[in-house]
Amino acid sequence: MASAKGTVNKVILIGRLGADPEVQYTPSGAAMAKLSIATNRAWKDDQGNVIEKTDWHRVVAWRKTAEIAGEYLKKGTQVYVEGRLESRSWDDQNGQKRFITEVIVENLVLLGRKDERTGTGTGAAYPPMPEAPPADIPGSGDVQDLGHEEDLPF
């Protein structure tokens with residue numbers, strides 16, 4: 001594998017799913033799950049009013065990690081995601097070039113109680129995905145189940 005000295009592409013998110021994962025399969029049979037994860041932040045403005053903002057992140061998991069996401073995650077589930085940013089483009093139905101940046105999952109940790117993580121669903125709408133997963137995605141991904149929130153070390 002080629003080295004990219006002096007560069008880092010790392011994303012860490014702890015958030016909640018805004019929709020059930022959308023699991024699809026490529027023609028070659030590789031599983032791919034699309035996740036929509038919300039993170040929140042708050043600050044005070046100049047008048048002392050608390051301002052809250054929710055940021056939405058497009059997240060993509062491949063292979064075994066995608067299958068696990070589809071089986072165990074649902075809307076509202078809290079997750080920890082480590083990954084990298086990846087951008088791609090496509091032409092929409094009007095022929096306009098569109099761009100998107102997504103988080104590609106390299107490590108997924110299921111947070112919260114197990115009874116919060118049952119079911120599968122249809123998920124949110126995303127633009128079309130590439131026909132095959134990128135070659136440098138690890139085969140199974142790293143998935144951990146930490147159980148209850150009160151068991152977390154932070």
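The values are calculated or read from the model by the stated rules, or taken from the named source; none is laboratory data. Note that the coordinates shown come from a computational prediction; the quantities given were computed from them, not determined experimentally. Neighbour counts are summed over all protein chains in view; Cβ atoms, including those assigned to glycine, are modelled from backbone coordinates with ideal geometry.
Tabulated data for the structure shown
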{"read-out": "Near pairs, Cβ below 7 angstrom, 6+ apart or cross-chain, from region 30-46 (free of Cβ contacts under 8 Å to residues at least 40 places away in the same chain and of a type in the set (S, T, N, Q)) to any residue that is assigned to a strand (DSSP E or B) and surrounded by 15 or more Cβ atoms within 10 Å (Cβ to Cβ)", "value": "THR39/LEU13; THR39/GLY15; THR39/HIS57"}
{"read-out": "Which listed residue, of LYS10, LYS53, is of a type outside the set (Phe, Trp, Tyr), over 22 Å from GLU82 (Cβ atoms) and surrounded by fewer than 12 Cβ atoms within 10 Å (Cβ to Cβ)", "value": "LYS53"}
{"read-out": "Filter pass, ILE137 being at pLDDT below 90, among the β-branched types (Val, Ile, Thr) and over 18 Å from THR39 (Cβ atoms)", "value": "yes"}
{"read-out": "Residue, surrounded by the most Cβ atoms within 10 Å (Cβ to Cβ), within region 56-78, restricted to residues that are closer than 16 Å to ASN107 by Cα and among the charged types (D, E, K, R)", "value": "GLU67"}
{"read-out": "Test: residue in region 19-26 that is without any contact (Cβ under 8 Å) to a residue 40 or more places away in the chain and either part of a strand (DSSP E or B) or touching a Cys at 6+ places or on another chain (Cβ under 6 Å) (or both)", "value": "yes"}
{"read-out": "Unique residue being over 23 Å from ASN9 (Cα atoms) and either under 12 Å from the mean Cα position of the chain (by Cα) or at pLDDT below 95 (or both) when the list is ARG113, ARG88, ARG98", "value": "ARG113"}
{"read-out": "Candidates VAL103, VAL81, filtered to the one that is over 15 Å from MET32 (Cα atoms), at pLDDT 95 or above and surrounded by 12 or more Cβ atoms within 10 Å (Cβ to Cβ)", "value": "VAL81"}
{"read-out": "Enumeration of residues in region 13-50 that are acidic (Asp, Glu) and either exposed (fewer than 14 other Cβ atoms within 10 Å of the Cβ) or touching a helix residue (DSSP H, G or I) at 6+ places or on another chain (Cβ under 6 Å) (or both)", "value": "ASP45, ASP46"}
